[in-house]
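*Asks:* This is the structure I have questions about; it appears just below.
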Number of protein chains: 2
Amino acid sequence: MAARPGGHNLAVMNGPKEKVLTLDTMNACVKRVEYAVRGPIVLRALELEQELRQGVKKPFTEVIRANIGDAHAMGQKPITFLRQVLALCVHPDLLNSPDFPEDAKRRAESILQACGGHSLGAYSNSSGIQPIREHVAQYIQRRDGGIPADPNNIFLSTGASDAIVTVLKLLVAGEGRCRTGVLIPIPQYPLYSAALAELNAVQVDYYLDEDRAWALDVAELRRALCQARGHCRPRALCIINPGNPTGQVQTRECIEAVIRFAFEEQLFLMADEVYQDNVYAEGSQFHSFKKVLMEMGPPYSTQQELASFHSISKGYVEVVNMDPAVQQQMQKMMSVRLCPPLPGQAVLDMVVSPPEPSDPSFTQFQAEKQAVLADLAAKAKLTEKVFNAVPGIRCNPVQGAMYSFPRIELPPRAIQRAKELGLAPDMFFCLRLLEETGICVVPGSGFGQREGTYHFRMTILPAAEKLRPLLEKLSQFHAKFTREYS
Amino acid sequence: MAARPGGHNLAVMNGPKEKVLTLDTMNACVKRVEYAVRGPIVLRALELEQELRQGVKKPFTEVIRANIGDAHAMGQKPITFLRQVLALCVHPDLLNSPDFPEDAKRRAESILQACGGHSLGAYSNSSGIQPIREHVAQYIQRRDGGIPADPNNIFLSTGASDAIVTVLKLLVAGEGRCRTGVLIPIPQYPLYSAALAELNAVQVDYYLDEDRAWALDVAELRRALCQARGHCRPRALCIINPGNPTGQVQTRECIEAVIRFAFEEQLFLMADEVYQDNVYAEGSQFHSFKKVLMEMGPPYSTQQELASFHSISKGYVEVVNMDPAVQQQMQKMMSVRLCPPLPGQAVLDMVVSPPEPSDPSFTQFQAEKQAVLADLAAKAKLTEKVFNAVPGIRCNPVQGAMYSFPRIELPPRAIQRAKELGLAPDMFFCLRLLEETGICVVPGSGFGQREGTYHFRMTILPAAEKLRPLLEKLSQFHAKFTREYS
């Protein structure tokens, strides 16, 4: 009990008091949050790195963090134009330097022109710098074959995660059987499950079809929805396309069917399209939900509510058919955090509005960008090929995004042993993999998977000369692990 | 009602359907959030700026945004060393340029060394780059006269707001009369009221004493707490020192009394110390809660839970005596958003670990920093002097931070007119001020104030040559407004 006025000496004398904030008294929703991508396996990887630095002998010489899509950490080269313009924005004295191309200088000047006091150190409007919002709208319009985008419907954010959580926050309401339900794919990117747990909304799982390269099936959406209606009020449907962790790229037909479903069932659509520029597989093509929605015509194009998220450096969201009063509320929520970081906004501007053919930086920019994408495409293929040559591993084609999500067979004795240790079987596998090879990947249980199946997510980002030995090492470990527990 | 499977045509034919997300169906907590600093008055200021650009005639030629502490937008010059190092980090090709001092290069190299792939484009650990956390800890230790700070208790964040909301989030629990109550000062920085509304926690107001230069009074804390215990469970006490919007700098005695109070009453302490480097008044000195707490010795130093927030560019929080299990939960929450933006982390590093006397950049860095602080000190004095010369305006000394919060008398007829318009009287005053002079300040009602008193918050940041005419224009408007409604 808290001491009352006058109880001062009592409290002091009573010895150690209980903490105000303990696992028992803290926010229970926060406690339920899980985030596998940076979970226990990553903490262990950090420890191993430290041990290596301290000279502890290990069966490997470095920890390879294949758990996260961290391109630059994996050696991907920054795009020169982006870095030049950002340096000019940060330190405008450089505008007098002969070492920077004219178009980089022009771009930096135009960004600074739009900043308070011509400084990247000023705040911007809460929804982002106005000319950058306009460039984003133009980018979307080009992407969608001329279908208009209104800059007023574009909100810049601190990464796509920030924007996704903001929209989810608007949707959460009700209690008990009226609590908001949100449909998310399984496997999913765990930001969704984490945000829904924190917001105390109901996570409604729909399973992607592993046998059809993780395609989305509307019948499965319908099953999930009907079942959920017994215990919550489903109000939103989240789509991740290209898929994370699945790498699936949805067909146009699939997207149309999803939109029709959302319309019929009165669901707010949230399209996570952050990997829209990362499509590798022949025959796969990215179709934006916005474009398909608009091409379907009324009533879909005029009524279906949609928020579409993209992220290149910093993120943005475009909202379509959102109630204007709610959009004002969204604006208000974003204003409470003042504004997204300006350097990220500046980089976003360069990505949505890259050098044009007549600009001096055009050739190099295109060459660097194409090199990155071609390299990723080759690594996507290599990953699929190596894994599928291994008995007990099956890997769907990595059509897009930056990850493979192979399925692994685990022997019953390994599953038994994991249970004894209180671990998910694929967590047990991944921990052992980390301890013995230094390879850090995330168990499928962190993303969700059909019961009795096991997977891991591994990024395809490591440099080509590292990726092949890595895949082989991993495959060999799987064989050894299987033997050990057979 | 939502259509069921098979109801497709029905839904399409029924004409415009209702939106999923409307003011009626959205998150009611979000709807309750208010954020005056970027509220209706700022939206109107934006419109006015647009009208000016379109050539609409106004009684002024520019809108002066004195509503927000946006130093660079107000013409404050960036610190050269910060910009040099950041440019080098962003574009490491510049490391070969002769135009940068050696210590800037060394610093950039050491920051990049700590980044994945030596790139500012990589993710960092969720709590921030490890060597930067160590520099922050050393900075705190120097600030607090050698009292140790543990880097593991330091979390870097996306601005102080982000860290404050994270800690509040941990504290929120219970329902009905067991809902978490959080004591906040009135007037307050409206991030607090906004976050508490969003989290559905109970805001417990304690009033600062305007007659004693907005000092905090423990008897008033006790009154607020006792009253709150009737309808919620108060668990945390927020302090803003130096005060925002009040500019008050707390005495050491006051801080000791607050700590004793929090200890006796079992309250988690949250010390918002983001303006700790901005103290101007003679006789005023910043004392950190951490230092005072540690100097008070056991049981305070060993048991009282404290989170202390600072923000220079990007923010950080130091937690003291936090339950280790809860601290792990906090770490987890931060990991869901991956990591704070790297450019901000880099700037933070330079601020907490500035050039040393032997470094080539030392002299310029100190000169630039001192110039900024001396200029602010002069403007703080000027503001107080000009306002206090005006009948009907009374301004406490601006001891610290970046704002004045003068009290204004409003004639009863103006109050009456505001009521007719459905506006808070000081909002009515501020809107009229904006329309007639282009000066944008925030009404006191957005921060909270004793009933029947009226204030506004105005930043002291405008350049000295602009500030005096601005203060005079504002004073004249007050006189005119008073005449008009007398």
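The values are calculated or read from the model by the stated rules, or taken from the named source; none is laboratory data. Given the structure is predicted, the values throughout are model-derived calculations rather than measurements. So basically every Cβ, Gly included, is an ideal-geometry build from the backbone, and we count neighbours across all protein chains shown.
*Asks:* Looking at (1) buried (at least 16 other Cβ atoms within 10 Å of the Cβ); (2) not in a helix (DSSP H, G or I), which one does B:Leu431 not meet, given that it meets all the others?
*Replies:* Condition not satisfied by B:Leu431: (2).
*Asks:* Here is a further query. When the residues of segment B:54-99 are filtered to those that are of a type in the set (Lys, Arg) and part of a loop (DSSP other than H, G, I, E, B), which remaining residue is nearest to A:Leu120 (Cα to Cα)?
*Replies:* For segment B:54-99, the residue satisfying everything is B:Lys77.
*Asks:* Does segment B:138-156 include one or more residues that are surrounded by fewer than 22 Cβ atoms within 10 Å (Cβ to Cβ), within 29 Å of the chain's Cα centre (by Cα), farther than 30 Å from A:Glu62 by Cα and within 11 Å of chain A (Cβ to nearest Cβ)?
*Replies:* no
*Asks:* Something else about it: Looking at B:Val390 and the list (1) in a helix (DSSP H, G or I); (2) aliphatic (A, V, I, L, M); (3) assigned by TED's automatic domain parsing to the domain that holds B:Ala463, which single condition is not satisfied?
*Replies:* (1)
*Asks:* Further question: Just to be sure, is A:Ser361 of a type outside the set (Val, Ile, Thr), surrounded by 21 or more Cβ atoms within 10 Å (Cβ to Cβ) and more than 26 Å from A:Phe477 (Cβ to Cβ)? Outline the logic, then answer.
*Replies:* On the way: of a type outside the set (Val, Ile, Thr): yes; surrounded by 21 or more Cβ atoms within 10 Å (Cβ to Cβ): yes; more than 26 Å from A:Phe477 (Cβ to Cβ): yes.
Yes, satisfied.
*Asks:* Scan segment B:303-353 for residues that are assigned to a helix (DSSP H, G or I), at the interface with chain A (Cβ under 8 Å from one of its Cβ atoms) and more than 19 Å from the chain's Cα centre (by Cα) and report the count. Steps first, please.
*Replies:* Of the residues in segment B:303-353, the ones assigned to a helix (DSSP H, G or I) are B:303, B:324-336, B:342-352.
Still in the running and at the interface with chain A (Cβ under 8 Å from one of its Cβ atoms): B:303, B:325-326, B:329, B:332-333, B:335-336, B:343-344.
Going one step further and asking which of them are more than 19 Å from the chain's Cα centre (by Cα), we end up with B:303, B:325-326, B:329, B:332-333, B:335-336, B:343.
Of the residues in segment B:303-353, 9 are assigned to a helix (DSSP H, G or I), at the interface with chain A (Cβ under 8 Å from one of its Cβ atoms) and more than 19 Å from the chain's Cα centre (by Cα).
*Asks:* What's the total number of residues in segment A:67-103 that are over 28 Å from the mean Cα position of the chain (by Cα), more than 10 Å from chain B (Cβ to nearest Cβ) and within 22 Å of A:Ser353 (Cα to Cα)?
*Replies:* Restricting attention to segment A:67-103, the residues satisfying the condition of being over 28 Å from the mean Cα position of the chain (by Cα) are A:88, A:91-103.
Keeping just the survivors that are more than 10 Å from chain B (Cβ to nearest Cβ) gives A:95, A:98, A:101-103.
Still in the running and within 22 Å of A:Ser353 (Cα to Cα): A:95, A:101-103.
The qualifying residues number 4.
*Asks:* Which of the numbered conditions does A:Leu293 fail, given that it passes all the others? Conditions: (1) in a helix (DSSP H, G or I); (2) among the aliphatic types (A, V, I, L, M); (3) within 14 Å of chain B (Cβ to nearest Cβ); (4) surrounded by 20 or more Cβ atoms within 10 Å (Cβ to Cβ).
*Replies:* Evaluating A:Leu293 over (1) in a helix (DSSP H, G or I); (2) among the aliphatic types (A, V, I, L, M); (3) within 14 Å of chain B (Cβ to nearest Cβ); (4) surrounded by 20 or more Cβ atoms within 10 Å (Cβ to Cβ) leaves (3) as the failure.
So that you can scan it fast, the table gives a plain yes or no per residue for (1) modelled with pLDDT under 75; (2) more than 25 Å from B:Phe286 (Cβ to Cβ); (3) of a type in the set (A, V, I, L, M); (4) in contact with a helix residue (DSSP H, G or I) (Cβ under 6 Å, 6 or more places away or on another chain):
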{"position": "B:Gln303", "(1), (2), (3), (4)": "no, no, no, no"}
{"position": "B:Ser308", "(1), (2), (3), (4)": "no, no, no, yes"}
{"position": "B:Tyr316", "(1), (2), (3), (4)": "no, no, no, yes"}
{"position": "B:Asp323", "(1), (2), (3), (4)": "no, yes, no, no"}
{"position": "B:Gln328", "(1), (2), (3), (4)": "no, yes, no, no"}
{"position": "B:Val336", "(1), (2), (3), (4)": "yes, yes, yes, yes"}
{"position": "B:Pro360", "(1), (2), (3), (4)": "no, yes, no, yes"}
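*Asks:* Looking only at segment B:1-57, count every residue that is surrounded by fewer than 14 Cβ atoms within 10 Å (Cβ to Cβ), modelled with pLDDT of 90 or more and within 7 Å of chain A (Cβ to nearest Cβ) and tell me the total.
*Replies:* Of the residues in segment B:1-57, 1 are surrounded by fewer than 14 Cβ atoms within 10 Å (Cβ to Cβ), modelled with pLDDT of 90 or more and within 7 Å of chain A (Cβ to nearest Cβ).
*Asks:* Next question. Mind listing just one residue for me: the one in segment A:231-257 that is under 21 Å from the mean Cα position of the chain (by Cα) and within 14 Å of chain B (Cβ to nearest Cβ) and, of those, nearest to A:Gln449 (Cα to Cα)?
*Replies:* Here is the first cut: in segment A:231-257, the ones under 21 Å from the mean Cα position of the chain (by Cα) are A:236-251, A:255.
Those left that are additionally within 14 Å of chain B (Cβ to nearest Cβ): A:236-238, A:244.
Working: A:Ala236: 21, A:Leu237: 18, A:Cys238: 17, A:Asn244: 13 Å.
Restricting to residues being under 21 Å from the mean Cα position of the chain (by Cα) and within 14 Å of chain B (Cβ to nearest Cβ), the top hit is A:Asn244.
*Asks:* Another question, if that's okay. Please go through segment A:318-346 and pick out each residue that is buried (at least 23 other Cβ atoms within 10 Å of the Cβ) and under 14 Å from A:Ile129 (Cα atoms).
*Replies:* Matches in segment A:318-346: A:Met334, A:Pro340, A:Pro341, A:Leu342, A:Pro343, A:Gly344, A:Gln345, A:Ala346.
*Asks:* Mind telling me which of the residues B:Gln366, B:Gln329 ends up being touching a residue at least 60 places away in the same chain (Cβ under 8 Å) and over 28 Å from B:Phe456 (Cα atoms)?
*Replies:* On the way: B:Gln366 fails: touching a residue at least 60 places away in the same chain (Cβ under 8 Å).
Going through B:Gln366, B:Gln329 in turn, the sole match is B:Gln329.
*Asks:* Further question: Got at least one residue in segment A:209-230 being within 14 Å of another protein chain (Cβ to nearest Cβ), in contact (Cβ under 8 Å) with a residue 12 or more places away in the chain and in contact with a Gly (Cβ under 6 Å, 6 or more places away or on another chain)?
*Replies:* yes
*Asks:* Would it be correct to say that B:Asp103 is buried (at least 17 other Cβ atoms within 10 Å of the Cβ), of a type in the set (Asp, Glu), over 30 Å from B:Glu436 (Cβ atoms) and not assigned by TED's automatic domain parsing to the domain that holds B:Cys430? Give the steps one after another, and end with the answer.
*Replies:* Working: buried (at least 17 other Cβ atoms within 10 Å of the Cβ): yes; of a type in the set (Asp, Glu): yes; over 30 Å from B:Glu436 (Cβ atoms): yes; not assigned by TED's automatic domain parsing to the domain that holds B:Cys430: yes.
For B:Asp103, the condition - buried (at least 17 other Cβ atoms within 10 Å of the Cβ), of a type in the set (Asp, Glu), over 30 Å from B:Glu436 (Cβ atoms) and not assigned by TED's automatic domain parsing to the domain that holds B:Cys430 - is met.
*Asks:* Let me ask something else about it. Out of all the residues in segment B:434-481, which are polar (S, T, N, Q) and either touching a Cys at 6+ places or on another chain (Cβ under 8 Å) or part of a helix (DSSP H, G or I) (or both)? Talk me through it step by step, then tell me what you get.
*Replies:* Within segment B:434-481, the subset polar (S, T, N, Q) is B:437, B:445, B:449, B:453, B:459, B:475-476.
Of everything in segment B:434-481, those that are polar (S, T, N, Q) and either touching a Cys at 6+ places or on another chain (Cβ under 8 Å) or part of a helix (DSSP H, G or I) (or both) turn out to be B:Thr437, B:Ser445, B:Ser475, B:Gln476.
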